[in-house]
Structure formats: structure tokens, C-alpha cells
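Notes follow once the structure below has been shown.
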Amino acid sequence: MKIAIVCYPTFGGSGVVATELGLELARRGHEIHFITYSQPVRLALLNANIHYHEVHVPEYPLFHYQPYELALSSKLVDMVKLHGIELLHVHYAIPHAYAGYMAKKMLKEQGIHIPMVTTLHGTDITLVGKHPTYKPAVSFSINHSDVVTSVSENLKEDTYKHFDINREITVIPNFIEIDKNKTDITSECHRSMMATETQKIITHISNFRGVKRIIDVVKVFYEVQKSIPAKLMMVGDGPEKAEAEDLCDKLGIGDKVIFFGNSHEIDKILCFSDLFLLPSETESFGLAALEAMASGVPVISTNTGGLPEVNRDGVSGYLSNVGDVQDMAQKALSILSDDEVLLKFKSNALKVAQEFNIDKIVPLYEQLYRKALKKL
Ligand code: GMT
């Protein structure tokens, strides 16, 4: 199939999922066209089956806001015609499904019928999308998609709860490519560069937005390091970073915390990690948790949104209520204080992650694409 993928090309989870999906579909022989405003961060390798088309938005001083959706829908029309693209897969209702709908309409007028698959990732529903400013446009975009998917059962329920939806929503969870050789969860992974032999390594990766509650990460770590030698790896960048750095200084733990900024070496960092913290206010899925688990790193997360569908309480890690720093610290200690327990959780985390292996999930998208094409 010839498929256009529209996504946010940034470090965010939806962009990562869309990019990995496109790469895997290309490996399976499909022709993939990424249509975004910059090259997706994980799209390192262009090949015969992968094409990237940049959406340019010309700056014009008359416009207070430059009309990206217009530029995107025009680009979609042009690329569909030029490359004979058969299907649009847009990630995020706003603005991508909205722009995709306009492209579909324009193409229809020219006698070209093309289905649109929309994948909901969370922020477009639980955070930004349900704001009254966007709500009607989000409902409209979902209801006018040919196929709608969501990355968790919880996100599907939330979508039906908050919007007036007359479409079936199919849950296709996010996925991960697990290294086939990854059976050795005790490997050294150059951890000696980061910590002493006795120190346990705790990691957090996110875009440091308010919803990630990274202050709770610091507070949990503060409690843990009172009882056991430990280091904290903070990976990512975003609006809450400065406050977290200040708090580390105030608590006198600055020498035990490393702020990496955005990194392309997530695998290496996870390889030497013993525990992953994800205390988010909400997560439709929690791809970062799955990435950790796939590296054999147990997860302490909150019990909100789709997180319980990924992180299994008492198996791959533990779940706590949002903001319950003491509970998270206690659970972290229960895993980290005993090497045998830690090993058990590491191996469980990897096992649970295998349920989300790429070769189980991507065929579900292929089936839906075929269904969408048949519907035309
Ligand atoms: O919250 C983020 O880190 C970014 C955001 C995005 O839109 O890229 O992530 C959302 O989509 C991811 C991929 O499906 C999910 O794993 C995240 O849980 C979800 N974030 C939220 O729901 C807050």
C-alpha cells in the first residue's frame, strides 16, 4: 500500500509511534510518505520505501497566526496526486485529522477517493482537545475519519465520555521493537560510567511538561536515596526542568542527579537503569514506561489513564495514586533494596513488554488499512 503518515515530528510519544510504524511498514514492503513540518527525530534512515515531504508555511505579516492546517491540507492533496498515495494515516485529531478531512474533500472534487485513519494519542483528547476552543473541531474530525484508533482502552473510554462520537474506535496499543537478543537483563551496559557499584540507578524520561509531574520524580528520589545509595538520571527537556534543578539544589542532592537534556541514546541510558519513574498526572498509554520495560527496567508509575494497561501492579513494577510520593518511594525501595527482588521485577518487565512487540501490533494496523480501503 502507499500510505501517507502525518504526525508531530518531535520527541513526543505520538511522533515516535508514528515514525516507528512507518519504518516497520516500509520494511514490510509498503511505500510510506511522511508529511510533516520537519523530519521526524527518529527518522534517521530514508530508503526506497520511505519518503519525507516537508510542509512549508510561508511567513506572511498579515497573519497573526500562520495557517499550518491550510499548508498541510494543500501538501496532502499535492502528494496524494503526485505519488498515487492510497491512504492517509494521521496521528492526532487536531490539527491533523482536521487538515486530512479538508484534503479528502478537495481530492473528492477531483474524483480521487482516499480513506483517512485517525489515531488518537491522548493530548488531543484528555488535555488540549476537550477545551471548549477545540472540542467541536475534535468531535468533527473524529466523526469524519473513516477509521479511528486509540492507543489504550482508557483513551477510548475518555473519548466517548468527553465527545459526541458516532464512530467505532478500535484500540491498537502502542508497540516496541524488542531486541531479539535481549535476554540478559543483568548486563553491565557501562553503568560504571554513571554510578558506583553499590548505587542503584533510577531514571525518568519525558518532555518535562507539567503533566509529567517531574517534581514528584525528584521528591521520590530524595526519599529513596535516604535509605540506599542511588543516582537519578533525568532525560529530556521542557518547561518544568529549571524548577526540578532548583529543587535538587535545595534538597542537597545535586551531585546525585544528572540532567541529560534530550537524548538520542535512550537505549544506552535504559540499559544501565534499575528503575523507571513515571508519576504523571495522566498518560493515555505511557510509551516511556513501555520503552523502559522493554529494556528490562521495572516501572513505578501512577495508576491513571492507560498506565495500568502497560505497567502491571506488582509484576512489572508498581502503581500509586497521583502525587503519593511516599507510596512511590516505599515501593521503589521494596524493589531496589533486595537484588533478588530487583532481578525478578526486571525479568517480569521484559516479559510484559513482549506482549507489545512490534510484530504483534503492526499487522493490526495493516488489517485496518485494508478494511478502510475496502469501505470506499
Ligand atoms: O505526553 C507526551 O509525552 C507526548 C504525547 C504526544 O502526544 O506525543 O504523548 C501521548 O502519546 C503517547 C503515544 O501514544 C502516549 O504514550 C502518551 O501517554 C501520551 N501522553 C499523554 O497522554 C499525556
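Please verify whether the stretch 315-334 includes one or more residues that are touching a strand residue (DSSP E or B) at 6+ places or on another chain (Cβ under 9 Å), under 18 Å from L155 (Cα atoms) and charged (D, E, K, R). Looking through the stretch 315-334, none of the residues is touching a strand residue (DSSP E or B) at 6+ places or on another chain (Cβ under 9 Å), under 18 Å from L155 (Cα atoms) and charged (D, E, K, R). Report yes if some residue within the stretch 76-93 is touching an Asp or Glu at 6+ places or on another chain (Cβ under 8 Å) and modelled with pLDDT under 95; otherwise report no. Within the stretch 76-93, one or more residues are touching an Asp or Glu at 6+ places or on another chain (Cβ under 8 Å) and modelled with pLDDT under 95. Please verify whether K374 is under 30 Å from T118 (Cα atoms), without any contact (Cβ under 8 Å) to a residue 12 or more places away in the chain and in a helix (DSSP H, G or I), treating the condition exactly as stated. Here the answer is yes, as K374 does meet what is asked. Among the residues of the stretch 157-167, those identified as away from the ligand (no atom under 13 Å from the Cβ) and in contact (Cβ under 8 Å) with a residue 24 or more places away in the chain are H162, F163, D164, I165, R167. Within the stretch 78-103, the residues that satisfy the criterion of being away from the ligand (no atom under 16 Å from the Cβ), over 17 Å from Y365 (Cβ atoms) and either in contact (Cβ under 8 Å) with a residue 24 or more places away in the chain or outside the structural domain of S139 (by TED's automatic domain parsing) (or both) are M79, V80, K81, H83, G84, A99, Y101, M102, A103.
Quick check on L333: is it away from the ligand (no atom under 16 Å from the Cβ) and within 21 Å of I215 (Cα to Cα)? Yes. Annotation for the stretch 255-277: at least one member residue is more than 25 Å from the chain's Cα centre (by Cα) and more than 12 Å from the ligand (Cβ to nearest atom). Checking the stretch 203-214 against the condition returns no match, with no residue being more than 16 Å from the ligand (Cβ to nearest atom) and either exposed (fewer than 15 other Cβ atoms within 10 Å of the Cβ) or closer than 18 Å to L342 by Cβ (or both).
The numbered conditions (1) surrounded by fewer than 22 Cβ atoms within 10 Å (Cβ to Cβ); (2) in contact (Cβ under 8 Å) with a residue 12 or more places away in the chain; (3) farther than 27 Å from E283 by Cα are all true for I32 except (1).
Selection of the stretch 105-156 for residues being on the phi > 0 side of the Ramachandran plot and in contact (Cβ under 8 Å) with a residue 24 or more places away in the chain yields only G122. Only one of the numbered conditions (1) at pLDDT 90 or above; (2) more than 17 Å from the chain's Cα centre (by Cα) is violated by S187, and that is (1). Kindly evaluate G314 against the criterion of being more than 16 Å from the ligand (Cβ to nearest atom) and at positive phi. Against the criterion (more than 16 Å from the ligand (Cβ to nearest atom) and at positive phi), G314 qualifies.
Does I300 satisfy being part of a strand (DSSP E or B), under 19 Å from the mean Cα position of the chain (by Cα) and more than 15 Å from the ligand (Cβ to nearest atom)? So I300 fits the description; yes.
When the residues of the stretch 1-27 are filtered to those that are modelled with pLDDT under 95 and assigned to a loop (DSSP other than H, G, I, E, B), which remaining residue is farthest from the ligand (Cβ to nearest atom)? Among them, the one singled out is P9.
The values are calculated or read from the model by the stated rules, or taken from the named source; none is laboratory data. If you're wondering where the values come from, they're calculated on a predicted model, not measured in any experiment. Here the Cβ is made from the backbone with ideal geometry for all residues, glycine too, and neighbour counts use every protein chain on show.
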